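What follows draws every value from the coordinates through simple rules; no lab data is involved. Predicted model, so just to flag it, every value in this text is computed and none were measured. Cβ atoms come from the backbone with ideal geometry, glycine included; neighbour counts cover every protein chain shown.
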Amino acid sequence: MSFDVFLNFNGDCRAALDFYSEIFRISEPAGLMTYGQNPGGSADADKDRILYASLPIFGRNVMFSDCPSGEPFAKGNNIALTLGCENVEEIHRIFAALSDGGEVYMPLGKTLFSELYGMVRDKFEIAWQLSLTAFQCAAAFSDLAKGRFSVRRFKPQPVENEKLAVILEAGRIAPTACNYQPQRIKVVTGADLAKLDACSPCRFGAPTVIIACYDNTVSAKRSTIDGKELGEIDASIVTTHLMFAAHEQGLGSCWVAHFDPAKLKGLFAFPENIVPIALLPIGYPAEDAKPAAMHTKKNNLEDILL
Ligand SMILES: Cc1cc2nc3c(=O)[nH]c(=O)nc-3n(C[C@H](O)[C@H](O)[C@H](O)COP(=O)(O)O)c2cc1C
């Protein structure tokens, strides 16, 4: 775990870097990047502003940045304490605890510079930035598995298209029987959410719902033995990939089987061969979203081993 300081400026970050570099006899800042160099793009007015730079001051990494122009900025309130966390479970735990009674500025999620990064102002108005360092980015599966829980209360905040793309990619590459890839996925947002609400009480306010289906004209069958349809298993594996990818992106989800499949097929005009298997509401968990009591009630290993 590392613990550093992050200083924010309003367009005069470069002057501050020069000022402190001279005082502390540092030849040049490390990792300097302007908003204009950000591959994600930036507003024209921000092109020359500093997105990131750091100075090693007496062995302590002090990070510097300009805020984007037009963003609220108060001098005297422009310091953030910066934690580099060592594992996914820890960063989620600390972020959730700091957010309790505070204000989340940026929920934990993947960024250009960190697999998991978030900003929060705690209830004492102290600003924090948390990130997972490069070494920790190989997020252990067990961290993801233990950190995830069914979220049943979402913020209305939309899911960014970039995050949705990462999630759908995880569904695209999931294993399927004979690699026939029968998964078919419908992403529902906006006005169409009303159709979903007519089929299930379990959207929980999520701004995006994925309907995971399979095409039964494409899916594999265990035909030489008992003819078992394998499409449902494929769609379930795909949904599991989507669920963990959402969690990795700092989003919540809940697997939902409680829906009326016939009604859903009708309202979304799915052809006969498309079989809906699961709904996955996805979004940013509400501040008070917590794991249900059921989440921790798991059998012991000896109870499940045959
Ligand atoms: C196949 C399946 C169907 C589920 N259907 C629903 C559902 O319709 N509504 C709901 O609120 N949760 C549903 N869940 C979520 C489970 O209740 C939840 O995963 C379980 O209680 C364990 O809690 P956790 O996900 O927080 O670990 C479903 C989960 C699975 C795997």
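One decimal place: the segment I173-K228 gains 17.5 nm when fully extended, by the rule 0.36 nm per residue minus the C-alpha distance. Which residue, P261, P72, P175, has the most motion in a Gaussian network model of the chain that connects Cα atoms within less than 10 Å? For the chain, modelled as a Gaussian network with Cα springs under 10 Å, the answer is P72. Extending 7 Å from Cα along the Cβ direction at L306 and again at A45 yields two label points whose distance is 6.5 nm. For the chain, the relative contact order is 16 percent, taking Cα pairs closer than 8 Å that sit 6 or more residues apart in sequence and dividing their mean separation by the residue count.
What is the list of residues in the range 25-50 whose amide nitrogen lies under 14 Å from a point 7 angstrom out from the Cα of F113, following Cα to Cβ? Label zone hits: 29-40, 49-50. Shown in residue order for the range 6-11 are the 3J(HN,Hα) couplings computed by the Karplus curve 6.51 cos²θ - 1.76 cosθ + 1.60 at θ = phi - 60°: 10, 10, 10, 10, 10, x Hz (x for Gly and Pro). By other beta-carbon atoms within 10 Å, ranking S150, S253 with the fewest at the front produces S150, S253.
Note on the chain: GNM, Cα springs under 10 Å; of H247, H92, H258, the largest mean-square fluctuation is that of H258.
Consider all pairwise Cα distances in the range 139-178 and report the whole-number % of them above 15 Å.
For the range 139-178, the fraction of Cα-Cα distances above 15 Å is 68 percent.
Evaluated with a Cβ-only charge set (Lys, Arg +1; Asp, Glu -1), the chain carries a dipole of roughly 760 debye about its Cα centre, given to the nearest 20.
Each of W255, W128 was scored by other Cβ atoms within 10 Å of its Cβ. Arranged with the fewest first, they read W255, W128.
The phi-based Karplus calculation (6.51 cos²θ - 1.76 cosθ + 1.60; θ = phi - 60°) puts the 3J(HN,Hα) values of the range 276-283 at x, 10, 8, 9, 10, x, 9, x Hz, whole numbers, x for Gly and Pro. When the listed pairs K146/K290; K195/K263; K110/K163; K123/K155; K186/K221; K163/K186 are checked against a 18 Å cut-off, the alpha-carbon distance exceeds it for K123/K155; K186/K221.
What the phi angles of the range 111-124 give under the Karplus curve with 6.51, -1.76 and 1.60, with θ = phi - 60°, is a coupling list of 10, 4, 10, 8, 5, 9, 8, x, 10, 8, 10, 7, 5, 9 Hz, glycine and proline written as x. Protection proxy ranking for 53-64, 111-122, 21-32, using the average of other Cβ atoms within 10 Å per residue and placing the highest first: 111-122, 53-64, 21-32. Taking label points 7 Å from Cα along the Cα-to-Cβ direction, E287 and Y105 give a separation of 1.7 nm. When only Cα pairs below 8 angstrom with a gap of at least 6 residues are kept, the range 1-127 shows a relative contact order of 26 percent.
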